[in-house]
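What follows is one structure encoded as structure tokens, with my remarks underneath.
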Amino acid sequence: MIQTTEHCHIVRNDEILSGEPIIKGTRTPVRGIVEMWRLGVPPEEIPHRLPHIILAQVFDALSYYLDHQIEINEYIERNRIPDEFMDPRVRKA
């Protein structure tokens, strides 16, 4: 079942990522946009890396994050890959 949010580009769908907030019409989670942004990717660059979304969706995802930081940070932490499973070539120094 699709549930709308107060953000026009962000929805929840019980059948996609167990209801985690996603970009409407995609399977892209808000946390994915936030993680790219935290890594230093400018919002304007994100649609070039994820061509199935538009800039308005990126900004709405970031706005959703700013309104729901605790929730999205919990999703980020739950989906973090433990260091012992990461290839040493991609670990942060």
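Numbers for the structure displayed
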| read-out | value |
| --- | --- |
| Residue list for region 38-82, filter: among the charged types (D, E, K, R) and closer than 24 Å to residue 18 by Cα | 38, 60, 67, 71, 74, 77, 78, 80 |
| Among (1) under 22 Å from residue 2 (Cα atoms); (2) surrounded by fewer than 14 Cβ atoms within 10 Å (Cβ to Cβ); (3) not aromatic (Phe, Trp, Tyr) - the single one residue 57 does not satisfy | (2) |
| Qualifying position, being of a type outside the set (Phe, Trp, Tyr) and modelled with pLDDT under 95, among 47, 43, 88 | 88 |
| Matching residues in region 17-34 - criterion: being surrounded by fewer than 16 Cβ atoms within 10 Å (Cβ to Cβ) and β-branched (Val, Ile, Thr) | 26 |
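The values are calculated or read from the model by the stated rules, or taken from the named source; none is laboratory data. A quick note: this is a predicted structure, and the numbers were derived from the prediction, not measured. When we count neighbours, we look across all protein chains shown, and the Cβ atoms used for this are built from the backbone with ideal geometry, even at glycine.
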